[in-house]
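Have a look at the structure below before the remarks.
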Amino acid sequence: MKRVVDGDTLVADVAGHEVTLRLIGIDTPEVVDRRKPVQCFGKEASEEGKRLLADKDVLIEKDPSKSDYDLYGRTLAYIKLPDGLFYNRYMIEHGFAREYTYSHEPYRYRNDFVSAQQKARSDKVGLWNPAACNGRQDAI
């Protein structure tokens with residue numbers, strides 16, 4: 001991985017070319033959107049992404065139910081590490097991201113991601129912890 005922009009946007013080196021990836025099925029709080037202030041738990045999500053992916057090779061998986069690119073020209077993908085860690089799911093499961101279904105269009109791992117979010121919420125981990133965001137669940 002070349003760099004983590006934030007928890008759901010990455011830049012990878014693919015055959016010598018920089019490719020910006022927008023991860024399917026997850027949404028992390030914003031940290032780099034100039035139109036918005038840094039959102040609650042955004043820094044934590046970005047730091048976790050960097051911890052997991054810095055200087056690591058990753059496997060990029062596309063979803064045949066999605067187009068290759070989003071509205072901003074980013075490649076839509078899932079990320080897996082060679083050791084089997086499924087980054088998209090991990091971020092939801094550990095409370096660094098919310099499950100995100102764009103335009104109500106289902107995707108390959110949607111049911112799994114929804115279940116992971118339900119468990120993270122019930123376990124009150126990460127951004128679902130009542131102590132996160134000064135207890136303001138509406139902030140997430």
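The values are calculated or read from the model by the stated rules, or taken from the named source; none is laboratory data. Not measured: the values here are computed from a predicted model. Please note: Cβ atoms are built from the backbone with ideal geometry, for glycine as well, and neighbour counts cover all protein chains shown.
Does L127 fit the bill of being at pLDDT below 95, in contact with a Phe, Trp or Tyr (Cβ under 6 Å, 6 or more places away or on another chain), farther than 20 Å from K2 by Cα and hydrophobic (A, V, I, L, M, F, W, C)?
Details: at pLDDT below 95: yes; in contact with a Phe, Trp or Tyr (Cβ under 6 Å, 6 or more places away or on another chain): yes; farther than 20 Å from K2 by Cα: yes; hydrophobic (A, V, I, L, M, F, W, C): yes.
Against the criterion (at pLDDT below 95, in contact with a Phe, Trp or Tyr (Cβ under 6 Å, 6 or more places away or on another chain), farther than 20 Å from K2 by Cα and hydrophobic (A, V, I, L, M, F, W, C)), L127 qualifies.
For the stretch 109-126, does any single residue satisfy the condition of being in contact (Cβ under 8 Å) with a residue 40 or more places away in the chain, assigned to a helix (DSSP H, G or I) and under 27 Å from P64 (Cα atoms)?
Of the stretch 109-126, the ones in contact (Cβ under 8 Å) with a residue 40 or more places away in the chain are 109-110, 113, 126.
From what is left, the residues that are assigned to a helix (DSSP H, G or I) are 110, 113, 126.
Filter again for under 27 Å from P64 (Cα atoms), leaving 110, 113.
Yes, the stretch 109-126 contains a residue that is in contact (Cβ under 8 Å) with a residue 40 or more places away in the chain, assigned to a helix (DSSP H, G or I) and under 27 Å from P64 (Cα atoms).
For every residue, the table says whether it meets (1) surrounded by 12 or more Cβ atoms within 10 Å (Cβ to Cβ); (2) of a type outside the set (K, R); (3) out of contact with any helix residue (DSSP H, G or I) (no Cβ under 9 Å at 6 or more places or on another chain).
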{"residue": "L71", "(1), (2), (3)": "no, yes, yes"}
{"residue": "N88", "(1), (2), (3)": "yes, yes, no"}
{"residue": "R98", "(1), (2), (3)": "yes, no, no"}
{"residue": "H104", "(1), (2), (3)": "no, yes, yes"}
{"residue": "R110", "(1), (2), (3)": "yes, no, yes"}
{"residue": "F113", "(1), (2), (3)": "yes, yes, no"}
{"residue": "A116", "(1), (2), (3)": "yes, yes, no"}
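Looking at the stretch 64-94, which of its residues are in contact (Cβ under 8 Å) with a residue 60 or more places away in the chain and not charged (D, E, K, R)?
I79, Y87, N88, M91, I92
When the stretch 6-39 is examined, which residues are found to be under 16 Å from F96 (Cα atoms), of a type in the set (A, V, I, L, M, F, W, C) and crowded, with 17+ Cβ neighbours inside 10 Å?
Result: L10, L23, I24, I26, V31.
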